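Inspection log for the structure reproduced underneath, given as structure tokens.
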Amino acid sequence: MEVDDLSLFVRIARLRSISSAARDVGVTPASASARLAALEKRLGARLLHRTTRQATLTEDGLAFLPHAENVVLAADAAQAALGRQHAAPRGTLRVAAPASFARLHIVPGLPEFCGRYPDLSIDLRISDSVVDLVEGAFDVAVRYAELRDSSFVARRLAPDRRVLVASPDYIERRGQPKTPDDLTHHACLVVGTLDLWTFQRSGEDVIERRVVPSLRINDGVAVRDAACAGLGIALMASWCAADELRSGELVPVLTDYPLVSTQTLWALYPSSRELAPKVRVLIDWLTERFAGRPDPYWDRGLETLFAR
């Protein structure tokens with residue numbers, strides 16, 4: 001029984017699609033279908049129900065899947081133990097990441113990454129919804145919150161710091177708020193559901209204020225652009241507004257009341273003794289790009305804005 005055929009079956013089971021799995025492993029759908037049929041013939045069992053839209057596991061397939069996954073993981077570990085992790089990574093790397101962060105900080109670095117590993121192809125899914133890593137057969141996910149599932153490893157990439165910002169034009173028209181209570185007299189711009197703003201001065205109690213947004217958008221870049229246009233005060237991630245703060249398009253607001261942020265950027269990937277080479281090189285690249293210094297590159301020159 002070929003390990004490659006078991007790996008193909010596992011991929012089909014996770015993606016629920018023969019054509020998607022075929023694309024991931026670099027074969028045609030017809031070839032993938034033929035290999036699956038041959039595997040079923042050798043086993044004497046039907047593993048998948050096939051339709052034109054999807055492939056779902058049969059009862060035998062459900063029973064067989066965990067054993068196939070164990071064999072594939074063991075084969076990967078055996079190859080890694082022989083030094084294969086140093087070979088050129090190849091195949092398709094499926095990555096999930098938040099939309100705005102991916103556009104601003106992952107996609108711009110892909111030319112460098114793809115130049116290092118020309119035999120890798122990237123399937124990047126960007127969405128602010130929390131995706132199921134197993135259901136979507138993702139190799140790596142970048143998230144703001146650490147996953148509690150012990151079958152995955154969370155690698156810290158960078159702090160996700162927050163700052164209040166507004167355009168100089170808005171401040172000239174409406175004035176600079178002096179305390180969080182003054183926000184009730186200002187137009188507040190909110191990303192998604194983040195309308196509870198939390199502040200803490202050094203040595204003082206936490207102050208929470210739930211703002212009534214004059215504009216709510218479920219996209220951080222769009223809220224940043226609205227703030228640049230003078231529409232109000234926005235709570236932004238520093239990785240989203242850093243360039244505008246440095247250029248002066250946006251100015252910090254309520255700097256005497258630093259925002260409290262407990263979020264962190266994490267890279268999540270399956271827990272295994274030996275990582276697949278393609279996963280290892282991506283994790284190393286993400287760590288090098290975002291976690292290689294005390295502060296991430298986007299916060300350079302802005303350190304005084306954040307609570308320590």
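We did not get these values from a lab; they are worked out from the coordinates using the rules stated. Predicted, not measured: the structure shown is a model, and the values here were computed from it. Here the Cβ positions follow ideal geometry from the backbone for every residue, glycine too, while neighbour counts run over all protein chains shown.
Let's test the formula: R0 of 25 Å, r as the Cβ-Cβ distance of ALA145 and VAL212. What FRET efficiency results, to the nearest 0.05?
0.45
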Which of ARG46, ARG280, ARG125 moves most in a GNM of the chain, Cα contacts under 10 Å?
ARG46
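So, counting K/R as plus one and D/E as minus one, what does the shell of residues with Cβ under 9 Å around LEU302 add up to? Provide the component values of the computation, followed by the final result.
Values: positive: ARG161, ARG246, ARG300; negative: ASP295, ASP299, GLU303.
Around LEU302, the surrounding residues sum to 0.
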All other residues with a Cβ under 11 Å from the Cβ of ALA227 taken together, and with Lys, Arg as +1 and Asp, Glu as -1, what is their net charge?
-3
Under the classification rounded if a/c is under 1.5, otherwise prolate if a/b is larger than b/c and oblate if not, where does the stretch 162-252 fall, given a ≥ b ≥ c as square roots of the Cα gyration tensor eigenvalues?
rounded
Full-extension gain between GLN54 and VAL131, please, as 0.36 nm times their residue separation minus the C-alpha to C-alpha distance.
25.8 nm
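At a 10 angstrom cut-off on C-beta neighbours, averaged per residue, how do the peptides 231-237, 254-260, 186-192 rank from highest to lowest? If you can, show how the numbers build up before the last one.
On the way: 231-237: 24.7, 254-260: 16.9, 186-192: 20.1.
In decreasing order of mean packing, 231-237, 254-260, 186-192 become 231-237, 186-192, 254-260.
Assuming 0.36 nm per residue, please report the length gained on full extension of the stretch ASP123 to THR179 beyond their Cα-Cα distance. Let's see the in-between values first.
Details: separation 56, 0.36 × 56 = 20.16 nm, distance 4.55 nm.
My answer for the length gained is 15.6 nm.
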Pairs of Cα atoms under 8 Å, at least six residues apart: use those to get the relative contact order of the stretch 162-252, whole percent.
44
Under 10 Å from the Cβ of ILE207, count the other residues' Cβ atoms, weight Lys and Arg +1, Asp and Glu -1, and hand me the total.
-2
Ordering of 109-116, 157-164, 201-208 by burial proxy (mean other Cβ atoms within 10 Å per residue, highest first)
157-164, 109-116, 201-208
Projecting the Cα atoms of TYR257, SER238, PHE138 onto the charge dipole of the chain, where Lys and Arg contribute +1 and Asp and Glu -1 at Cβ, the residue farthest towards the positive end is PHE138
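So what is the relative contact order for the stretch 3-82, in percent, with contacts set as C-alpha pairs under 8 Å and at least six apart? Kindly include the intermediate steps, with their values, before the conclusion.
On the way: 76 pairs, mean separation 26.4, N = 80.
In percent, rounded to a whole number, it is 33.
For the pair ASP284 and THR262, what calculated FRET efficiency results from E = 1/(1 + (r/R0)^6), where r is the Cβ-Cβ distance and R0 = 45 Å, to the nearest 0.05?
0.95
Compute, for the stretch 3-82, the length of the dipole vector about the Cα centre, with Cβ point charges of +1 (Lys, Arg) and -1 (Asp, Glu) only. Units Debye, rounded to 20. Write out the running numbers ahead of the final one.
Numbers: 10 positive and 8 negative charges, 71 e Å.
In total the dipole reaches around 340 debye.
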